[in-house]
């Protein structure tokens with residue numbers, strides 16, 4: 001593990017431990033009340049979900065072009081994180097929607113495209129697991145299509161008449177709400193980096209072990 | 001010997017697929033029969049007291065096309081695998097793009113033929129006025145089918161040697177083509193609206209064209225790299 005890993009993991013843990021207190025101290029939103037606080041975890045997890053899909057797509061494209069196994073390991077780790085953060089986004093979203101929109105689920109462009117992005121990441125992992133030898137190359141092609149969906153998720157709220165809050169909401173937040181939000185974004189980003197590093201490292205160890213097994217057989 | 005142009009190579013592959021299909025008619029018949037069976041399943045599931053819910057026909061048309069298209073895609077490449085001709089196709093001295101485009105044209109033409117029979121049937125069984133604007137319908141069906149087949153051809157080709165390919169094709173394909181299906185259903189619904197607005201239909205058609213452009217570009221680039229060996 002790199003030298004910075006343990007301190008980064010400790011800082012990340014501490015930030016997560018503190019985050020509920022910071023969120024609790026943030027002011028209540030006038031119309032939604034307590035449930036608005038879901039937003040402090042929902043939006044950072046949604047950003048990490050999109051970041052995961054982008055990293056997975058870029059690494060897959062580079063893997064297809066260069067056949068460098070390191071890129072493939074990065075893509076796999078990013079796909080798993082896309083599924084994880086995507087699930088968090090898709091669970092926290094309805095918790096907020098139930099109060100804000102009066103329903104758990106709405107087939108809104110952003111919600112639908114996010115679900116599609118999450119399903120593509122799941123399909124990537126299913127292909128890796130059950131596709132047999134050579135599935136990493138095939139999965140890389142799927143990841144590229146997953147990456148193409150990311151700009152669509154991002155701009156969907158600006159181009160369609162939708163009930164999902166627009167991207168432009170974030171800069172308009174007062175400091176009392178903006179500061180906890182950016183704190184949570186940094187916390188989730190650090191968690192993303194820590195998990196990504198750990199997962200890539202694990203894949204590296206696995207491939208080294210496989211190489212040793214092969215060498216032993218020969 | 002002169003090197004054939006890309007268009008000539010594509011045409012050769014399309015002609016080969018059409019000849020094979022004209023002799024056996026296997027994929028056309030099975031796809032069409034499967035599509036009609038799907039329509040019946042939908043009819044039994046949603047038609048109540050002889051009436052289908054309003055707007056159901058458009059959705060059923062696209063859902064049936066998706067299921068039948070998946071069957072046709074899988075079968076097209078399975079035939080190449082069984083006859084051991086896929087390797088010969090990939091070894092042919094033509095660009096990989098020509099192989100992809102040839103297969104794509106073959107699949108799109110097959111699905112369009114199925115759609116020509118399916119659309120009047122849906123119109124009849126689900127009381128959907130699908131044929132009231134035939135040129136618009138043809139444009140929506142063509143662009144939607146192209147988007148679906150652009151991704152489907154790539155995935156079916158790359159899965160041909162994968163384990164559990166029959167299960168994996170829909171698992172990979174459906175999430176990616178959902179935007180095309182949404183635009184296809186909404187575009188078709190715009191045509192059957194009693195207060196038809198050409199601007200709405202144009203919007204969905206333009207969106208389908210945009211998806212086609214993105215999917216075709218990505219698929220052409222990826223096919224070359226994935227089918228390298």
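Each row is one residue, and each column tells you yes or no for (1) within 14 Å of chain B (Cβ to nearest Cβ); (2) more than 13 Å from the chain's Cα centre (by Cα).
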residue: A:78; (1), (2): no, no
residue: A:86; (1), (2): yes, no
residue: A:98; (1), (2): no, yes
residue: A:102; (1), (2): no, yes
residue: A:110; (1), (2): yes, yes
residue: A:130; (1), (2): yes, yes
Only one of (1) closer than 22 Å to residue A:144 by Cβ; (2) at pLDDT 95 or above does not apply to residue B:140, and that is (1)
- Item | Yes/no for residue B:91 being at pLDDT below 90 and crowded, with 21+ Cβ neighbours inside 10 Å | no
Are any of the residues in region B:54-64 touching a residue at least 60 places away in the same chain (Cβ under 8 Å), in a loop (DSSP other than H, G, I, E, B) and loosely packed, with under 13 Cβ neighbours inside 10 Å?
no
By residue number, the members of region B:79-97 that are in a helix (DSSP H, G or I) and within 25 Å of residue B:221 (Cβ to Cβ) are B:80, B:81, B:86, B:87, B:88, B:89, B:90, B:91, B:96, B:97
Note on region A:138-156: residues more than 8 Å from chain B (Cβ to nearest Cβ), over 17 Å from the mean Cα position of the chain (by Cα) and under 28 Å from residue B:164 (Cβ atoms) are A:139
Item to complete: Would you check if residue A:117 is within 12 Å of chain B (Cβ to nearest Cβ), closer than 25 Å to residue A:62 by Cβ and surrounded by fewer than 19 Cβ atoms within 10 Å (Cβ to Cβ)?
Response: no
Residue hits (region B:67-91; within 19 Å of residue B:228 (Cβ to Cβ) and touching a residue at least 24 places away in the same chain (Cβ under 8 Å)) are B:77, B:80, B:81, B:86, B:89, B:90
Note on region B:115-137: residues farther than 21 Å from residue B:52 by Cβ and surrounded by 14 or more Cβ atoms within 10 Å (Cβ to Cβ) are B:136
Note on region A:15-27: residues surrounded by 12 or more Cβ atoms within 10 Å (Cβ to Cβ) and either free of Cβ contacts under 8 Å to residues at least 60 places away in the same chain or not in a loop (DSSP other than H, G, I, E, B) (or both) are A:15, A:16, A:18, A:19, A:20, A:22, A:23
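The values are calculated or read from the model by the stated rules, or taken from the named source; none is laboratory data. These figures come from a predicted structure and were not determined experimentally. No Cβ is skipped: glycine too gets one built from the backbone with ideal geometry, and neighbour counts run over all protein chains shown.
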